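Q: Before I ask anything, here is the structure I am working with.
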Amino acid sequence: MAFVIVDYHMHLRDRHGDQPDGLYLLERVERYVAKAAEMGVDEIGFSDHIYHFSQARHLWNVPWMLARSGDNLDGYVSAVEQAKERGLPVKLGLEVDYSPGAEDAIAEVLGRYDWDYLLGSVHFVDGLSIDMEPSLIALVGVDEAWARYFDWLGQAGQSGLFDVLAHPDLVKFFGQRPDDDTTGAAYRQALEGIASSNVCLEVSTAGLHKPVGEIYPDQALLTPAFRSGIPITLASDAHVPEHVGRDLDRAIEHARHAGYETVTVFEGRRRRQEPLG
Ligand SMILES: [Zn+2]
Ligand SMILES: [Zn+2]
């Protein structure tokens with residue numbers, strides 16, 4: 001059987017692009033597809049941030065998210081669906097912030113479209129940012145930040161809203177970590193929720209290009225995840241076509257080191273395992 005490389009996390013919207021004109025168009029999707037082909041990636045999945053879309057504005061109260069919530073979700077979905085109709089190897093996903101208590105409202109918005117998969121992310125805990133200054137760590141300390149972050153991640157898994165948890169140890173973004181006992185306890189708590197809820201973990205190369213300079217997640221999280229039978233996806237978290245497939249060879253090596261030999265492929269929120277890269 002052929003080996004498969006997927007990149008299931010990328011954004012049509014540039015992180016710094018304030019002007020959405022031209023973002024959610026077939027022509028832009030095709031640029032990502034072309035880069036994937038060049039990089040030897042078999043299939044890509046789009047996962048723009050739900051908070052950019054006006055249809056989801058009522059779900060959040062984080063000012064940073066609300067200030068960026070003017071795009072039209074219909075336009076995004078339509079651009080990716082047009083590419084699918086043309087036979088391009090793309091999947092329709094969305095990167096969805098988890099917020100305890102908002103599960104039903106989130107499910108209502110998500111239920112309006114036919115996704116191939118949904119990424120669950122924790123970028124904010126109690127309104128405090130994980131990967132921007134002032135960060136949760138700066139405000140509550142590293143031990144407390146890790147405990148709170150992994151508590152929310154485990155709840156995100158258990159919510160049943162998501163197929164994959166994105167950049168699962170994003171809280172290491174700035175490179176600060178508690179001692180091994182504290183990180184181990186946080187991982188165990190999160191993995192309990194994740195293993196019982198049939199959600200995948202994402203192996204993401206985005207962290208290589210952040211202050212921490214490492215793949216998400218750590219081996220100390222990924223190895224017990226493998227032993228618990230939790231499947232994986234691969235991700236570049238590209239925000240421009242040029243970054244599609246970036247460093248996925250390192251993600252594959254990282255996953256193999258933890259024991260993985262298969263990668264998850266999604267279609268209409270159904271999954272199957274294929275030989276890894
Ligand atoms: Zn993210
Ligand atoms: Zn992302």
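The values are calculated or read from the model by the stated rules, or taken from the named source; none is laboratory data. All values derive from a computational prediction rather than experimental measurement. Here Cβ is always computed from backbone atoms with ideal geometry, including for glycine, and neighbour counts include all displayed protein chains.
Residues are listed down the side, and each one gets a yes or a no for (1) within 15 Å of ligand 1 (Cβ to nearest atom); (2) within 14 Å of the chain's Cα centre (by Cα); (3) at pLDDT 95 or above:
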{"residue": "Val109", "(1), (2), (3)": "no, no, yes"}
{"residue": "Gly120", "(1), (2), (3)": "yes, yes, yes"}
{"residue": "Leu136", "(1), (2), (3)": "yes, no, yes"}
{"residue": "Gly184", "(1), (2), (3)": "no, no, yes"}
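Q: Shifting gears a bit: Would you be able to say whether some residue in the stretch 170-184 is within 15 Å of ligand 2 (Cβ to nearest atom) and in contact with a Ser or Thr (Cβ under 7 Å, 6 or more places away or on another chain)?
A: No, the stretch 170-184 has no match at all.
Q: Here is a follow-up. What residue, of Ala79, Ala34, Ala83, is part of a helix (DSSP H, G or I) and either within 16 Å of ligand 1 (Cβ to nearest atom) or surrounded by fewer than 16 Cβ atoms within 10 Å (Cβ to Cβ) (or both)?
A: After ruling out the rest, the residue left standing is Ala34.
Q: Which residue pairs have Cβ atoms under 6 Å apart, sit 6 or more places apart or on different chains, and have a first residue in the stretch 191-213 that is under 19 Å from Ile252 (Cα atoms) and a second that is among the hydroxyl-bearing types (Ser, Thr, Tyr) and at pLDDT 95 or above?
A: Partner pairs satisfying both residue conditions: Cys200/Thr233; Cys200/Thr264; Glu202/Thr233; Ser204/Tyr216; Thr205/Ser236; Gly207/Tyr216.
Q: Please report, ordered by residue number, the strands (runs of 3 or more DSSP E) entirely within the stretch 197-277 with at least 1 residues that are surrounded by fewer than 17 Cβ atoms within 10 Å (Cβ to Cβ).
A: Qualifying strands (runs of 3 or more DSSP E): 262-267, 270-275.
Q: Condition first: outside any loop (DSSP other than H, G, I, E, B) and closer than 17 Å to Phe46 by Cβ. Now tell me which residues in the stretch 61-75 satisfy that.
A: Within the stretch 61-75, Asp71, Leu73, Asp74, Gly75 qualify.
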